[in-house]
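Here is the structure we will look at.
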Amino acid sequence: MSLRIAIDPLDGPKIAALLQQHLDEMHRISPPDSVHALDLARLRADDITFWSAFEGEALLGCAALRELAAAH
């Protein structure tokens, strides 16, 4: 199988489950003012591009990049 990395519309159950697990763990182990993770709604913002990596049907990972300014 080959690795596939693509922009993700954040509408699949696998990515939703992974991101929720990440948020839950961040809230469990981090001080309240140090949870630097976004939920699905905030990741869908127009200035954020989100990618997921798959091998076949297996979700391997993800990444997000926020545009700070057009010239940045």
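The values are calculated or read from the model by the stated rules, or taken from the named source; none is laboratory data. Please read all numbers here as calculations on a predicted model, not as lab measurements. Every residue, glycine as well, gets a Cβ built from its backbone with ideal geometry; the counts of neighbours run over all protein chains shown. Side chains included, ligands, DNA and RNA excluded: accessible areas come from the protein's heavy atoms. Shrake-Rupley method; radii C 1.70, N 1.55, O 1.52, S 1.80 Å.
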Those residues that are within 17 Å of the chain's Cα centre (by Cα), hydroxyl-bearing (Ser, Thr, Tyr) and open to solvent by 40 Å² or more (accessible area, probe 1.4 Å), I need them from region 26-72; list them, please.
Thr49
Quick one: in region 53-72, which of the residues that are of a type in the set (A, V, I, L, M) and without any contact (Cβ under 8 Å) to a residue 40 or more places away in the chain is farthest from Gln20 (Cα to Cα)?
Ala71
Taking first residues from region 36-52 that are of a type in the set (Phe, Trp, Tyr) and second residues anywhere that are modelled with pLDDT of 95 or more and part of a strand (DSSP E or B), the pairs with Cβ under 6 Å that are 6 or more apart or on different chains are Phe50/Ala64; Trp51/Ile5; Trp51/Ile7; Trp51/Ala63
Going through region 40-71 one residue at a time, which ones are in contact with a Leu (Cβ under 6 Å, 6 or more places away or on another chain) and assigned to a loop (DSSP other than H, G, I, E, B)?
Arg44
Where Gln20 falls short, out of the listed (1) surrounded by 13 or more Cβ atoms within 10 Å (Cβ to Cβ); (2) part of a helix (DSSP H, G or I):
(1)
